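Any read-out appearing in this document is the output of simple, stated calculations on the displayed coordinates, not a laboratory observation. Source: prediction; values computed, not measured. Glycine gets a Cβ as well: all are built from the backbone with ideal geometry, and neighbour counts include every protein chain shown.
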Amino acid sequence: MKKILFLITTVLAGGFAFAQSASVSPSSFTAEDQITITFDLTGVALGSGGEDVYIWGFVPGCCGSPLNDQNGFGWGNSNPAAKLTRIGTSSKFTYTLTPTSYMNKTAAQIGAQFGFLAKNQNGSRQTQDFTFPVDPLTFTATAFRPFPSKFTQDDVVTFFMDKNLLNASKVALKAATDVYVYTDIDYVKPDGTGGYFQVSQYCEPLDPGDGNFYPGQTTVADNVALKAKDFGNGLFGWTIVPSKFFRIGDAGSVKFPPAGSKITKIKVHFRTRLSPYCPGTVGDSGSLGDNFGFPVTQ
């Protein structure tokens, strides 16, 4: 929000104009959702004649986006990173952002409203302020969930299991004090072809002749990297950085995704220490049937 006072004659001479409209897609969003803002400047001076247009974002009553002023830029010299994208040759412009990242604030700090305006590079023309409601983040307890809910392959992410919410048929898993995971990924190679990679829970003793075996792999019962942490009160969590855990670009085995691969989905299957399918073991099939997979943000 930028407050500039003009005499009426200055307003008229300077071509100060108000945008006919501004919209956000999706129309309902939280501070952690990616949104696209669209300005329609049809019939006004701002943006006409090929003029570049920039966004100026703020949280009402709080602060402006760091993008507004960083690296010496400001109202009179807009940051190139804030430049809007013109739709074809029209007078409509778009900008895509995630409020928490764009404002460098938490969802709680952003609160219930997010605001912005459009302006030209030197600030001599601008729109009115636009504000849109921000939906609160709501937590719905589920047996399986990731945190954060949206993540990239290079982010730290924790997959949670709440034993209290498991189906009653999961007797062994509900009673387990040690919980481990099966996990696998779908990914896209640099050449655009798809790939699949699995880190499984094996029976003891591990058979190096197994087709899924790769050097350095151990049984799940000996592999702390596959053990979920007990947070108490029935809550278990397994934390990884996907690109590191699934060893993208690791030349140690042809089984690992090649360098430049992008994970598209991670699937996690919580299990008891040893699979009931292993000889001499009993129990239920862990979270099989309740297995979950989550898309990975690119």
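Extension gain for the segment D155 to T36, taken as residue separation times 0.36 nm less the Cα-Cα distance, is 40.5 nm to one decimal. Simple spin-label estimate for T177 and Q128 gives 6.6 nm between the two label positions (7 Å along the Cα-to-Cβ direction from each Cα). For K119, the lysines whose Cα comes closer than 29 Å to its Cα, not counting residues fewer than 8 places off in the same chain, are K2, K3, K83, K92, K105. Taking θ as phi - 60° and the Karplus parameters 6.51, -1.76 and 1.60, the scalar couplings of segment 137-148 work out to 6, 10, 9, 10, 5, 9, 5, 10, 7, x, 9, x Hz in sequence order, x denoting glycine and proline. Highest average first, the peptides 30-36, 59-65 ordered by how many other beta carbon atoms sit within 10 Å of their residues are 30-36, 59-65. What the Cα atoms of segment 8-133 give is an Rg and a Dmax of 14.2, 43 Å.
Couplings for segment 106-119, taken from phi via the Karplus curve 6.51 cos²θ - 1.76 cosθ + 1.60 with θ = phi - 60°, read 6, 4, 5, 5, 6, x, 9, 9, 10, x, 6, 9, 10, 8 Hz in order; Gly and Pro are left as x. Computed on the Cα trace of segment 27-92, the radius of gyration divided by the Kirkwood hydrodynamic radius gives Rg/Rh = 0.99. Quick one: which of K170/K227; K170/K267; K170/K265; K227/K265; K229/K267; K174/K262 span more than 28 angstrom between C-alpha atoms? In this structure, K174/K262 lie more than 28 Å apart at Cα. For T100, neighbours were defined as the other residues whose beta-carbon sits under 15 Å from its Cβ, and their charges (Lys and Arg +1, Asp and Glu -1) total -2.
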